[in-house]
Structure formats: C-alpha cells, structure tokens
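> Would you mind keeping the following structure in view while I ask a few things?
The values are calculated or read from the model by the stated rules, or taken from the named source; none is laboratory data. Keep in mind it's a predicted model, so treat the numbers as computed, not measured. Because the Cβ atoms are built from the backbone with ideal geometry, glycine has one as well, and the counts that use them run over all protein chains shown.
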Amino acid sequence: MEQDKSKPFQTDGRRILRSELTWAGFETLSSELLDLLILSCDGNPCHTQAYIHRERSSWMPKCHNPFSVFSSRPEILTPLRSSLNPTLLQELKPPPQGLDSITGPLQDERFLFHHYVTHVAFIMLPYEHPYNPWQCYWATAALQLALSGQKVLYRAILAHSAFNIAHLLGNDAKMANIALRYYNAALSHLTHDLVHSKTDSSAMLASIMSLMFAEAYRGHSTDWKHHLRGARTLLWSYGEAYPWILSDLARSSLESLGVIEIIAGSSTWFNRSDFEANRQSPDAGNPDPLAMLSTPDFIFTIGAPRCVLECISKITHFSQAPLGDISRTTSNELLHEVLSCLNSVQSSSSFIPNNPPEAKHQAKAFISATYIYCYRTLLDVPPHAIQQHVHDTLGHVSAFLANSTGNFSAWPAFIAAAEAYTQEDLATAQEWVNWATSVGIGSRTSIKVVLYEIWRRRELISQQSGLDPGKVIMDWKQIMHELEFDSLLI
C-alpha cells in the first residue's frame, strides 16, 4: 500500500541487526593486525600485506581493509597496488622536485617508505616510544634532503625497508633485488657526495648508519662492519669537535653509533695477536663510544640502562687488551667495579624514564646478561656457575614476549642462550630464537645457526666426556668465527 505523503512516515518497528551477525563468518582479528588496519586506513591498503602474509590470515582478500570506509581521503578507497617490478623501477626516470614526486608516482617507493615508518622504525626499538628517532628524525630528514637532491638517506631507508619485507616474505627474491637496487643507488649517491662534499655531516652519518642497518637486516653478517668503519672514519676526521651536533638528526645518529659500537665490540671475535696492528690503525683514534651517549634517555633505543652499557664497554675493552697489560689486580678491580654497578642498578626501583611497563623486563634482562658476560669474560666460569643469571635473563625475555608486541633486543637473549644447558632454559631460548627470526631481521638467522651449533657441541662433548653439560665451557665468539659469522646482536 502506498504511503500518504501528507502524513508523517510511519515504520513497522525498529530494524535491528545483532552485532555478532555483522562479522559472521569472519575470524577474530589479533590486536596487532587490528591496530595496523586502523593505522593504514588513510594509506595504501596493500601496505598490510606483508604482515598478513606473515600472520597467514586467510579470511581477508588482498588489499581489503574494513576500516577504509572511515578514510578522510575518498580517493584511497581504490586499491593502490605496488608493481614491485625491478625492470620498471630500473627504467623510471628520477622524479621531479617536490614532495608529490616522492610519495606520488612511484608506488614502490610509497610502499617501502610507509613500511619503514610504520614497521621498520618500530622494530628498531625494543618497545614503542614517543621519541622514536627513526620515525621522528630520520624519516623526516630523508624526505627533506631528497627534496633538495640529497637522496642518500632516502635510498638507504628504502633499501632497509625492502630487506625487511624480503625476509618477512620468506627470503623473497624479487623484493631482495629491489632492496639491492636501492642499496646500490644509495652507495652511488654516498660516494658522489663524499667526493663533492654535497651532504652535511649529520645526514652523511645517518646515511652510513642506515646502510649498516640495511646490511644487518639483509643478513650478510660481515658486511655491516664496513659501514661501521665508515662511520668511525667520518667521526675520526672531526676528532672530538662535532660542528653539526646541535641537530636532532646528528645527535640521534651519533648516539646510535655509540650504542652499536658497544654492542658490536662485545660480540666480535678478537685475536689478541692482532692487537698491535689494530692499535696502529686509524680506528684506534676514534672517540670513545661512551662519550657519544650524551643524552641519558637515548639508550631506550637498545633498552639498557646507561651504566650497564658502560659495564659492557669496560669488560670488552679489558678483554681486548694485550696479555702483557693484564694483571690480576686490574682484573679484580674491574670485577669489583662492574659487580658494584650491577648490584646497585638491580636494586633500583626504576631503570629508564618515560618507558612502558615491559621496559623493566628488557632492562633487567640486560642486567642479568651483563653478569653473565662479566663472569664469562673475566673469570671464564662454566655455565653451571652462572645458571641462575641465565635463568633470570631468559625469564625476563619470556615475560617481555608475553606482555609486549615489541622487538626484544638480541644481545641479552643471545648472551644467556649461549650458556643455557638445562631443559627449561633451552626451551625458553628456543622459543625466543623462533620468535626473533620472524620479524624480518636477516642477521638473526645466523644467530640461530650459531646457538644451535653451541648447543650441539656442548651436548656432544658432554656425551663423549661424561661431564655434566653445565661444566662444558663453549667460546661462542670462537664458534661464530669458525662459522664465518659476525652477527650484529640487535
């Protein structure tokens, strides 16, 4: 019957669709994927595909984002697919100057840059932090510098992002080729700018560091050291005077280098017979990495209290001194100093300011792992003598993973896992290894190989000798060297 238009419209009652029927037939989203989809509703819907592939979600068709209806820009409702075609990328002409030229026509660059800002920059830290330097400074500087024709940092960031995606997709050859193309382009720009002094020093240091991180994510475990030496050489050329240190980019780059120097030094095999040659090399004049940590709060990027990093650095320096310079008194004094520091910070109620609750597990794991590093390096004790510290470290690793979506730093987990021998600790260590190799950092694959070789050799020696596994000492640096790995424990 037709409604009389002269009278108000009358309904037959409320039309109700029960909320549980709205998503009938769809699987429940994980909180991480839910956050990513909401974050992506104003961006390229295809940016979520690397994560979706990793999570093996079968419910969602490609490039579909249920939150795209809330987008503030209607035009993005049409899916923007990245061609990811290496041949096409090779033939593309350099974009004209302007922000649109960077974020518009080149779909692959949009895809990679967005992935860097929303994923790579996030896993560069152990937990989310409002002052993430790779989001706040490096990404912004990369775009600004690219607009002025200085594209080293921008290309290095794209390479870093592409290597991460390649590993997330299971060593995808096509994405690896794209990463190499941007990596080689960044190197070419870097060489040109170094010769012609076209890039300011802060951008140059950030670019070199980005290439180093790209190599670590690529997984060729020794190549990152070339860029670390390059960054050292750049600093060495300035001595202790840094005319460019006032910028946020310069400060974050310098302090990132300081943290990496400490972590890399503690995990690198060192031949004492080569000490004299190393002492006479240009690297010997480099600034102290501890001097680079001028901002106390910056150490949130690795998740360790500053005093713990100082302990690690001092232990490493002692271990690399020539045998003739080492005395029992010196060793005992350092042992007392390190243990006093660790005991003090361990009893402290707070470790790093302005950090989320899970930060305490990261910090405490670093403290316990530094006890292990101290006793193993200075006293060469067997695993059973430090078993409690191993158990404590791995316990904090497990607690962190249970309460956070962050990227737990590799150093403390590896230091403890290398000394694990009980069934419980080995199971926890294996759980961390399986998780650590799933976030797209290629160097962690070699870390996994090293750990499994340590465990295999310790078990074999135990069976052959009849010794308890806890009494079998394994030099993991020597094993890493024999396997021709030199992994950056980040």
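> Just give me the residues in the range 125-154 being among the aliphatic types (A, V, I, L, M) and over 14 Å from the mean Cα position of the chain (by Cα), in sequence order.
A139, A141, A142, L143, L145, A146, L147, V152, L153 - these are the residues of the range 125-154 that are among the aliphatic types (A, V, I, L, M) and over 14 Å from the mean Cα position of the chain (by Cα).
> Quick check on the range 379-402. Is at least one of its residues surrounded by 19 or more Cβ atoms within 10 Å (Cβ to Cβ), out of contact with any Cys (no Cβ under 6 Å at 6 or more places or on another chain) and not in a helix (DSSP H, G or I)?
yes
> If I ask for residues that are hydrophobic (A, V, I, L, M, F, W, C) and exposed (fewer than 15 other Cβ atoms within 10 Å of the Cβ), which ones from the range 458-472 would you list?
L460, L467
> Right, here's the next one. Which condition number does R181 fail, the rest of (1) surrounded by fewer than 20 Cβ atoms within 10 Å (Cβ to Cβ); (2) without any contact (Cβ under 8 Å) to a residue 60 or more places away in the chain being met?
(2)
> So which residues in the range 473-488 are in a loop (DSSP other than H, G, I, E, B) and at pLDDT below 95, if there are any at all?
Result: L483, E484, F485, D486, S487, L488.
> Going through L378, L394 one at a time, which residue ends up being in the same structural domain as C307 (by TED's automatic domain parsing) and either charged (D, E, K, R) or farther than 17 Å from I447 by Cα (or both)?
L378
> Let me ask something additional. How many residues, within the range 184-210, are surrounded by fewer than 24 Cβ atoms within 10 Å (Cβ to Cβ), of a type in the set (S, T, Y) and under 14 Å from R155 (Cβ atoms)?
3
> Right, something else. Return the residue satisfying two criteria in turn: it lies in the range 103-140 and is among the hydroxyl-bearing types (S, T, Y) and part of a helix (DSSP H, G or I), and of such residues it is nearest to S247 (Cα to Cα).
Filtering the range 103-140 for residues that are among the hydroxyl-bearing types (S, T, Y) and part of a helix (DSSP H, G or I), the one nearest to S247 (Cα to Cα) comes out as Y137.
> Moving to a separate point now. Name the one entry in H167, H115 that is farther than 14 Å from E215 by Cα and of a type outside the set (D, E, K, R).
H115
> I'm trying to understand the selection: among the residues of the range 141-186, which are outside any helix (DSSP H, G or I) and aromatic (F, W, Y)?
none
> Give the number of residues within the range 450-479 that are under 30 Å from Y116 (Cα atoms) and touching a Ser or Thr at 6+ places or on another chain (Cβ under 9 Å).
1
> Another question, if that's okay. May I ask you to verify whether S221 is buried (at least 21 other Cβ atoms within 10 Å of the Cβ) and at pLDDT 85 or above?
no
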